[in-house]
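Contents: one structure, followed by commentary.
The numbers here are math on the coordinates, done by the rules we state, and not lab data. Nothing here was measured: the structure is a model prediction, and the numbers come from that model. Positions of Cβ are backbone-derived with ideal geometry, glycine not excepted, and every protein chain shown enters the neighbour counts.
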Amino acid sequence: MAEEQLQRKESGILCIGILVLDIIARPIARADQWKEKQTIREIALLPGGDAANQSIHLAGLGYHSMLCSCTGADANGDTLRSALQGRGVDCGLLRRREDVPTGTAIILVNEDGERRIFSTLGAHSTLCRADLPDYLPDDCKAVSIASLFSAKQAEEDGLEDLLKEAKRKGIPVFADLNSGKVVPDDEPVWKLLPYVDYFLPSSYDILPLTGRKTQEDAVKQLQDAGVENIIVKCGEEGCRIYSPSFTGAVPAVRVSPVDTTGAGDCMSAAFVSRIVEGDDIREACAYACAAGSLSTLYPGACSFGLTDEAVRTFLADPAHSRPV
């Protein structure tokens with residue numbers, strides 16, 4: 001079924017970055033209420049990581065979604081590959097490491113849908129020049145660095161050449177941010193930012209990344225580094241756009257979340273899809289914010305099937321709509 005779906009797709013989107021196996025447990029009480037042994041409602045194994053989440057959502061939205069990342073030569077890696085292919089993701093650029101285990105995350109979700117994540121570094125962090133495609137695929141309409149600052153080897157050598165090719169061909173480059181990064185001003189990875197057309201950091205990541213005290217100062221530093229369009233993801237508040245064509249806030253659709261895991265990745269994937277389809281930045285963000293809100297109504301980062309119809313149905317009736 002996955003192969004048939006891939007043959008029907010005409011526009012390709014390349015996602016580069018983190019791939020992990022998520023072990024999700026919910027609902028989890030406060031730590032001070034834990035017992036030695038207790039029963040909870042659900043434990044699930046699902047694909048996770050910024051790049052994997054984006055690639056799954058983009059496949060659901062109708063694209064030839066290509067994932068460039070690494071797994072270990074282990075059962076977790078085999079589980080991930082099978083799950084990704086089952087969701088329509090092209091795993092031709094998914095590399096297998098013999099000496100490094102697959103990245104794994106344990107995600108504890110409370111009754112309010114908020115989560116705590118404990119993860120291992122894993123094989124995805126070893127992505128290097130040899131793992132990247134020599135050339136962008138012929139059908140590639142966008143490149144998404146779903147986890148910027150997460151693969152030091154590739155970012156220092158190899159990724160810049162790929163982004164230069166995208167720039168020459170007029171292919172837009174999007175970048176999301178691996179959480180919790182503090183990157184010194186002299187770090188070589190900053191050289192990639194002039195090739196990024198749209199940067200989508202979270203509000204709680206942009207200050208540590210830049211070392212600035214205000215969002216505006218952080219945005220200015222990123223723009224000075226060469227990024228023209230910056231969309232700061234603000235969780236339940238939606239996002240704020242800083243762009244030559246528009247500066248201002250775009251609200252999220254308010255919901256009572258089941259699980260907020262991966263909502264930002266869903267939002268990024270939806271944004272990429274609408275820019276590829278020709279929406280302006282404000283329209284793309286409104287659509288993306290709705291997709292992010294919708295994703296929080298279901299457990300895990302991408303357990304439900306995101307489709308364009310699902311997002312538009314949700315926008316029309318947020319209180320009652322569900323994915324089809």
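Counting only complete DSSP H runs, which helices of the chain cover 18 Å or more along their long axis at the Cα atoms and score a mean Kyte-Doolittle of 0.0 or above?
263-276, 281-295
For the chain, give me the percentage of DSSP beta bridges that are antiparallel, rounded to the nearest 5 percent.
40
Name the lysines eligible as straight-distance cross-link partners of K191: C-alpha to C-alpha under 28 Å, and not fewer than 8 places from it in the same chain.
In chain and number order, the partners are K141, K152, K164, K167, K169, K181, K213, K220, K233.
Can you put V219, V20 in order of Cβ neighbours within 10 angstrom, beginning with the fewest?
V219, V20
Normalising by the residue count of the chain, find the relative contact order in percent from Cα pairs under 8 Å and 6+ residues apart.
16
I'd like the trypsin sites (Lys or Arg not before Pro) in the range 221-324 restricted to DSSP loop residues with at most 16 other Cβ atoms within 10 Å, sorted by number.
R254
Based only on other Cβ atoms within 10 Å, what is the fewest-to-most ordering of D78, D176?
Fewest to most other Cβ atoms nearby, the residues stand as D78, D176.
For D131, D112, D259, D224, what's the fewest-to-most ordering of other Cβ within 10 Å of each Cβ?
Neighbour counts put them in this order, fewest first: D224, D112, D131, D259.
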